[in-house]
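The values are calculated or read from the model by the stated rules, or taken from the named source; none is laboratory data. Model, not experiment: these values are computed from the prediction. Here the Cβ positions follow ideal geometry from the backbone for every residue, glycine too, while neighbour counts run over all protein chains shown. Calculation scope for accessible area: heavy atoms of the full protein, side chains included, ligands and nucleic acids excluded. Shrake-Rupley method; radii C 1.70, N 1.55, O 1.52, S 1.80 Å.
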Amino acid sequence: MSSPVGARRPPGRPAQISRELIVEAVSSIENVDTLTMRELAGKLDVTHSALYRWVKNRDELFDLISEVLVDRILRREEPEDASWQLRLSLIARRIRDQFLAVPGYATHLSRPHAHTAHSTARLRAAIVAVFVEAGVDAYLAEQSYYIFMTSIVSWIAVEENPVHLGSSAPRFDLFLDTLLRGLPAREPGTE
């Protein structure tokens, strides 16, 4: 049985770390972009060497976070009889919930960097499949995925880094509805 993040272990008991505990500890940090491996080991109440058995550096930490979050996002399936818009809406809401649970994660993703191929590929495949099942050809389904993910991640990054944009806060439900009405991608000049 693993101990909760931050709980003291009895002397001599080996460190209990898991992927989920690492992400839970990262979630309790103010901003993942400023997190050091030393700070994370302290949050987990383990030594650096215990943490480095799981992640060797920040790149591997982001890969691990991505894997856990994508597992959580894809854990639940959408109703098979639901429209493609409803299925993508449910995925988008889970992406938002999971990404916002790790402060700074969407901001990190919104900047160019190497993504974890496995987790990114799994999420891309799930979203592309929704478009293909809706009758979109494979090429435009892939393009629709890029539009969908870039838009969702960018929106969440704005939510993570609030700036004064006017008198009312941006609403995710309005954004998502507008985005989905514009998808799937179509070749320019076609209806």
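Model label points for ASN31 and THR47, set 7 angstrom from Cα along the Cα-to-Cβ axis, are 3.3 nm apart.
Per DSSP H run of at least 4 residues, take -39500 (n - 2.57); add these up for the chain, divide by its residues and hand me the 222 nm value, nearest 500 deg cm²/dmol.
-19000 deg cm²/dmol
Placing unit charges on each Cβ (+1 for Lys and Arg, -1 for Asp and Glu) gives the chain a dipole about its Cα centre, and among VAL70, ASN57, GLN85 the Cα reaching farthest toward its positive end belongs to ASN57.
Across the stretch 170-185, computed HN-Hα scalar couplings (Karplus, 6.51 cos²θ - 1.76 cosθ + 1.60, θ = phi - 60°) run x, 9, 4, 4, 5, 4, 5, 4, 5, 4, 5, 5, x, 9, x, 5 Hz from first to last residue, x flagging Gly and Pro. The 3J(HN,Hα) values that the Karplus relation (6.51, -1.76, 1.60; θ = phi - 60°) gives for the stretch 101-108 are, in residue order, 6, 10, x, x, 5, 5, 4, 4 Hz. Gly and Pro appear as x. Taking θ as phi - 60° and the Karplus parameters 6.51, -1.76 and 1.60, the scalar couplings of the stretch 132-148 work out to 4, 5, 8, x, 7, 5, 4, 4, 6, 5, 5, 4, 5, 4, 4, 4, 4 Hz in sequence order, x denoting glycine and proline. A cut-off under 15 angstrom between Cβ atoms defines the neighbours of TYR145, and their net charge, with Lys, Arg +1 and Asp, Glu -1, is +1. Here LEU100 and THR190 are evaluated by their C-beta separation; at R0 = 41 Å the FRET efficiency comes out at 0.70.
Tell me the relative contact order for the stretch 53-191 as a rounded percent, counting alpha carbon contacts under 8 Å between residues six or more apart.
That works out to 29 percent.
Once both labels are positioned 7 Å from their Cα atoms along Cα-to-Cβ, the gap between ARG124 and GLN85 label points is 2.8 nm.
Rounded to two decimals, the Cα-based Rg/Rh of the chain, with Kirkwood Rh, is 1.03.
Using a probe radius of 1.4 angstrom, the carbon and sulfur fraction of the accessible surface of the stretch 127-173 is 59%.
Per residue, the chain exposes 57 Å² of solvent-accessible protein surface, assessed with a 1.4 angstrom probe and all protein chains in place.
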